1. Taking only pairs six or more apart or across chains, which ones have beta-carbon atoms under 7 Å, a first residue in segment 187-201 that is open to solvent by 60 Å² or more (accessible area, probe 1.4 Å), and a second residue that is of a type outside the set (S, T, N, Q)?
2. Within 21 Å of LEU118 (Cα to Cα), in contact (Cβ under 8 Å) with a residue 40 or more places away in the chain, polar (S, T, N, Q) and open to solvent by less than 30 Å² (accessible area, probe 1.4 Å) - does that describe any residue in segment 64-80?
3. Hey, among ALA60, ALA23, which residue is modelled with pLDDT of 65 or more, open to solvent by less than 100 Å² (accessible area, probe 1.4 Å) and not polar (S, T, N, Q)?
4. What's the number of the only condition in (1) in contact with a helix residue (DSSP H, G or I) (Cβ under 6 Å, 6 or more places away or on another chain); (2) assigned to a loop (DSSP other than H, G, I, E, B); (3) of a type outside the set (A, V, I, L, M) that PHE120 fails to meet?
5. If VAL182 satisfies all but one of (1) more than 22 Å from LEU57 (Cα to Cα); (2) in contact with a Pro (Cβ under 7 Å, 6 or more places away or on another chain), what's the number of the condition it fails?
6. Return yes when LEU167 is open to solvent by 70 Å² or more (accessible area, probe 1.4 Å) and either in a strand (DSSP E or B) or touching a residue at least 24 places away in the same chain (Cβ under 8 Å) (or both) and no when it is not.
7. As an exercise: evaluate GLN187 against (1) part of a helix (DSSP H, G or I); (2) more than 19 Å from GLU65 (Cα to Cα) and give the number of the one condition it does not meet.
8. So which residues in segment 134-164 are open to solvent by 90 Å² or more (accessible area, probe 1.4 Å) and either in contact with a Gly (Cβ under 7 Å, 6 or more places away or on another chain) or among the hydrophobic types (A, V, I, L, M, F, W, C) (or both), if there are any at all?
Amino acid sequence: MTRVESCRSRPPTPVRRFLLTAARWFVFLTFVCLSSIGCKTIHPSNDRAWTPDQAVLSTAEFRGELVKVHNVRYCDYRTDEDFSVRYEDRVYNLDEIDSVDFIVCPFSEQPQVAHTMLSFGFDDGEHVAVSVEIRKELGEKYSPINGELRQYELMYVVADERDVIRLRTDQWLQDVYLYRTVATPAQSRALFLSVMRRVNK
């Protein structure tokens, strides 16, 4: 008889029976809690009481080589909860896009997890950033567990690069890493168009 067969043929000890029973109860109670208390099924909506910095969605209009983006956000942050929100309509010329940067913002509490963004650069030195974020209701805070359980609406934040970076460096005191990609201007333009179509969806 092999060692595995020997172990399998032994009757479970009282301690093993207790651990198996406890594990089954834990799985069952976790499922009940998530199903009835901690987890609600929500349907995406645009009609909720959103936080002011996420109350307005961006949209893009395509006119040949020009893309007019409505509601580009540019917040003036005094603190992370005290800020003035400004939205602008900006017109971007596809021929002037020359780069795309990949931005990584590790979470302070869990540096192995990070939020990522894209920033498109233009030949005049301006940048527009795009960040996919949960769309918070008034009083709502981010929870990784609720995020895993898909309990938030998502939105594409189109913002002046200084808005999304300074919020994280100056207010949240997070590290921000910016990586210039090797994308060509043509590839950067194609990605910009793809992202703006996603913004509209």
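The values are calculated or read from the model by the stated rules, or taken from the named source; none is laboratory data. Values in this document were obtained by computation on a predicted structure and should not be read as measured data. Because the Cβ atoms are built from the backbone with ideal geometry, glycine has one as well, and the counts that use them run over all protein chains shown. Only protein heavy atoms, including side chains, enter the accessible area calculation; ligands, DNA and RNA are left aside. Shrake-Rupley method; radii C 1.70, N 1.55, O 1.52, S 1.80 Å.
1. ARG189/LEU94; ARG189/ILE97; LEU191/VAL100; LEU191/ALA183; ARG198/TYR156; ASN200/ALA60
2. no
3. Only one candidate qualifies: ALA60.
4. The single condition PHE120 does not satisfy is (2).
5. In the conditions (1) more than 22 Å from LEU57 (Cα to Cα); (2) in contact with a Pro (Cβ under 7 Å, 6 or more places away or on another chain), VAL182 misses (2) alone.
6. no
7. Result: GLN187 passes all but (2).
8. Residues satisfying the conditions are LEU138, ILE145, LEU154.
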